[in-house]
1. Suppose a student asked you for the relative contact order of the chain, using Cα pairs under 8 Å spaced at least 6 residues apart; what percent would you report?
2. Mean residue ellipticity at 222 nm from the helices of the chain, using -39,500 (n - 2.57) per DSSP H segment of n ≥ 4 over the full residue count, to the nearest 500 deg cm²/dmol?
3. In the chain, what percentage of the DSSP-assigned beta bridges are antiparallel, given to the nearest 5?
4. Could you do me a favour and compute the accessible area per residue for the stretch 31-199, 1.4 Å probe, result in Å²?
5. Could you tell me the center-to-center distance, by alpha carbons, between the stretch 258-276 and the stretch 331-390 in angstrom?
6. Tell me which of 184, 7, 204 sits at the most positive position along the dipole axis of the chain, charges placed on C-beta atoms (Lys, Arg +1; Asp, Glu -1).
7. Give the accessible area for residue 356 in Å² (nearest 10); use a 1.4 Å probe, count only protein heavy atoms, and leave out ligands, DNA and RNA.
8. Counting Lys and Arg as +1 and Asp and Glu as -1, each charge on the Cβ, what is the dipole of the chain about the Cα centre in debye, to the nearest 20?
Amino acid sequence: MARLGKLRPVGNRVPVPDSAHDLVMPWESAYATRFLDSGTSALSIAIAIAIARQARPAINKPEVILPGYGCPDLIAAAMAQGVVPVLVDLAEDSPWMNPREVADKITDNTVAIVAVNFLGLAAPLEQLSELARRSALLLIEDSAQRMPPSSAEDGCADLVVLSFGRGKPVNLMGGGALLVGYPLEEKARTCCSPLPLVNERPTIRWALKRQLFNILISRLFFGLLEQIPALRLGETRLHALERISLVDPIPGLLASGLVRFEQAPDYRLELDRELADLDRQGWIRLPAKLGQAEKKPTKLLRYCLLAPDMETRDRSVQLLNQAGIGANAFYGAILPDIPGVHDVLPETSGLRRAKDFASRLITLPVHEDVTQKDIRIMVKTLLRSAQQQK
Ligand SMILES: Cc1ncc(COP(=O)(O)O)c(C=O)c1O
């Protein structure tokens, strides 16, 4: 019998604003916060600041360095500023850019390096920060997928990007923030001054939208919506960034979201432990492998593993979905192969390791509606799938 309902792959429910929450944001000692209408807008303004503070007066084609595997919004943010995205291959079996290749790609036209946190794992920033400093560039930490950003601790990146969209650690049904290191405040003010300001308030319409959204991501409705191909749930493609606005956010909403994320269950260590047997079959548990380098590991957005090959990955995703777990391959391709990206990107070659990563990645839900029973199903299904490997 077909299973009714499915556990969604990612995304916490939208909280009720609570203006009694008077939180000090964990990054406030190092950064000033500017709210924008999306994470893509925040990244685009970060790139605009990087162009504006360039000492060299006449860069006619500014470039920004990005990982070759990632969200197409990275490309949209760069294109909106007329900047050329320069893609860098990843280190072996890792979502992180290879620092040697980053160094090779820096030219007189480079204005910034974007380090992208991955599903809750913090991109290592030290080496990139050193490279950026030596070449007088800005380092941007894109922390759309991690809360808090790792620079909150030590102010390592010059600018930090946050997203509050669906499928992010703090889901506020949209919005983003740009955290501006205090030395860049004046440049940020100049870049933001032409932007329109949108006042968001918790209207009845907003409250109804919130309720409906939370219902639609429940198991029953997610399972039904997924059956409607026209909705294209989970499809990844390039969408041009058409507007950028500053936002005066709903009072207490971000604070509620942060508290909610903080209080949600944390399955990271349990999955690390329960899936350890997969190592002998050639799998890589990315949080266990990469977490050692993190200064302060946090809750994940999704648990992530590399299967030994694409066939095993695809079979495992299929088995998990049959068991009612919304596991998936995430972007499924390197950036140049994502629909819409190829048309706007200069010819890019040499992303061999990124391609390999994209072909073997599998992500598991770990959001607030995941239960212990779901975890048991994930573990059992993956161990069974590994036994069927050739
Ligand atoms: C790494 C990364 N950066 C930026 C963004 C853009 O955020 P938003 O959806 O709020 O525009 C995303 C969204 O998925 C992302 O994953």
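1. Relative contact order, the chain: 26 percent.
2. Dividing the helical sum by the residues of the chain leaves -9500 deg cm²/dmol.
3. Roughly 50 percent of the DSSP beta bridges within the chain come out antiparallel.
4. On a per-residue basis, 34 Å².
5. Taking the Cα centre of the stretch 331-390 as reference, the centre of the stretch 258-276 is 19 Å away.
6. 7
7. Here the residue's solvent-accessible area equals roughly 50 Å².
8. The calculated dipole for the chain is roughly 1020 debye.
The values are calculated or read from the model by the stated rules, or taken from the named source; none is laboratory data. Just so you know, these numbers come straight off a predicted model, no measurement behind them. Note that we place each Cβ from the backbone using ideal geometry, even for glycine, and neighbour counts take in every protein chain shown. Accessible surface is based on the protein model in full, side chains and every heavy atom, while ligands, DNA and RNA are left aside. Shrake-Rupley method; radii C 1.70, N 1.55, O 1.52, S 1.80 Å.
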